[in-house]
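Contents: one structure, followed by commentary.
The values are calculated or read from the model by the stated rules, or taken from the named source; none is laboratory data. Bear in mind that the values here come from a model prediction, so they are computed numbers and not experimental data. A quick note on method: Cβ atoms are made from the backbone with ideal geometry, for glycine too, and the neighbour counts reach across all protein chains shown. Note: areas computed on protein heavy atoms with side chains; ligands, DNA, RNA excluded. Shrake-Rupley method; radii C 1.70, N 1.55, O 1.52, S 1.80 Å.
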Amino acid sequence: VIAETCWATAPPAQMYPGGKDNIEVLAHGQDEGERWAPAEADVSIRPGWFYHDYEKPKTPEKLFDIYLTSVGRGGTLLLNLAPDRRGRVPEQDVESLMAWRKMVDETFANDLAASARIKASSTRGCGFGAKNMLGEDDKYWATADGVVAGDVELRWSESKQMSYVVIQEHIALGQRVRKFSVEVEENGQWLEVAAGTTVGYKRILPLNGVKSDKLRVRFIDSRGPL
């Protein structure tokens, strides 16, 4: 499990366990850190790191929860698979892995944002508009220089049921977001349904099936222009 607030940068002297390690920095990173060191979640599919006949693999549901709290918090998931006495991954483990893969694919198969009308409170100009948030990976939305807060609003012609929201930063330019919230419109008022601090490469938050025809992501604070 990766911490909800997790910066992918840290000071060199405090990045690794040892005489100068800092547990707080190792767990959360540091927004002003000089070195790029993304968080990594090392997890075994079984209770231990090695194969034992009496142990069972984690269920697909448990693996999905681990996915949300590792990849879904901007980190990397390193899943250990212990070979059995044949030197092969046990059939039980394979079944759990395949069912987990199916859960991830089905959960995120319907991209509601793709059919939305989208607008932003600020843009840097031509080539950095809000529609880039729905396009190719090498294109991105950006606020004007010096603007460290802003929001993006998605609208549909009819109400949509939303299970999760996925937010990503253009990580080639580093990690910037410090605080954000997710809101839907209900009876003419904006209602907060999720909130967070860091985003990083990817942040996934559950929306628990909320229904609305409008969704807004508010970036409340960041290290620099969004």
* May I ask you to verify whether residue 132 is modelled with pLDDT under 95 and either open to solvent by 40 Å² or more (accessible area, probe 1.4 Å) or within 23 Å of residue 202 (Cβ to Cβ) (or both)? => yes
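This table checks each residue for (1) among the polar types (S, T, N, Q); (2) open to solvent by less than 50 Å² (accessible area, probe 1.4 Å); (3) in contact with a Leu (Cβ under 8 Å, 6 or more places away or on another chain).
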site: 82; (1), (2), (3): no, yes, no
site: 86; (1), (2), (3): no, no, no
site: 89; (1), (2), (3): no, no, yes
site: 93; (1), (2), (3): no, yes, yes
site: 121; (1), (2), (3): yes, no, no
site: 124; (1), (2), (3): no, no, no
* residue 115, sole failed condition from (1) closer than 26 Å to residue 2 by Cβ; (2) surrounded by fewer than 15 Cβ atoms within 10 Å (Cβ to Cβ); (3) of a type outside the set (Lys, Arg) -> (1)
* Structure fact -> Result of the Cβ filter at 6 Å on segment 51-80, keeping first residues that are farther than 11 Å from residue 103 by Cα and partners that are small (Gly, Ala, Ser) and surrounded by fewer than 20 Cβ atoms within 10 Å (Cβ to Cβ), at least 6 apart or interchain, is 51/82; 70/41; 75/41; 77/41; 80/44
* To do: Output the residues belonging to segment 15-39 that are under 15 Å from residue 2 (Cα atoms) and either modelled with pLDDT under 65 or not hydrophobic (A, V, I, L, M, F, W, C) (or both).
  => 24, 28, 29, 30, 38
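Looking at 86, 101, which one is part of a loop (DSSP other than H, G, I, E, B) and either within 30 Å of residue 173 (Cβ to Cβ) or of a type in the set (D, E, K, R) (or both)? Walk me through how you get there before you give the answer.
Values: 101 fails: part of a loop (DSSP other than H, G, I, E, B).
Just a single option satisfies the conditions, and that option is 86.
For residue 203, are the conditions met, namely being crowded, with 20+ Cβ neighbours inside 10 Å, of a type in the set (Lys, Arg) and in contact (Cβ under 8 Å) with a residue 24 or more places away in the chain?
Here the answer is yes, as residue 203 does meet what is asked.
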* Any chance residue 148 is modelled with pLDDT of 95 or more and touching a strand residue (DSSP E or B) at 6+ places or on another chain (Cβ under 7 Å) -> no
* **Flag for residue 27 being outside any helix (DSSP H, G or I) and among the aliphatic types (A, V, I, L, M)** => no
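If you go through segment 48-83 one residue at a time, how many are assigned to a helix (DSSP H, G or I) and either of a type in the set (D, E, K, R) or farther than 20 Å from residue 107 by Cβ (or both)?
We begin by selecting, within segment 48-83, every residue assigned to a helix (DSSP H, G or I); these are 60-68.
In the following step, the residues that additionally are either of a type in the set (D, E, K, R) or farther than 20 Å from residue 107 by Cβ (or both) were identified as 61-62, 65.
Adding up the residues that qualify gives 3.
From the list 198, 143, exactly one residue is in contact (Cβ under 8 Å) with a residue 60 or more places away in the chain, in contact with a Cys (Cβ under 8 Å, 6 or more places away or on another chain) and surrounded by 15 or more Cβ atoms within 10 Å (Cβ to Cβ). Which is it? Reasoning before the result, please.
Working: 143 fails: in contact with a Cys (Cβ under 8 Å, 6 or more places away or on another chain).
From the options 198, 143, the qualifying one is 198.
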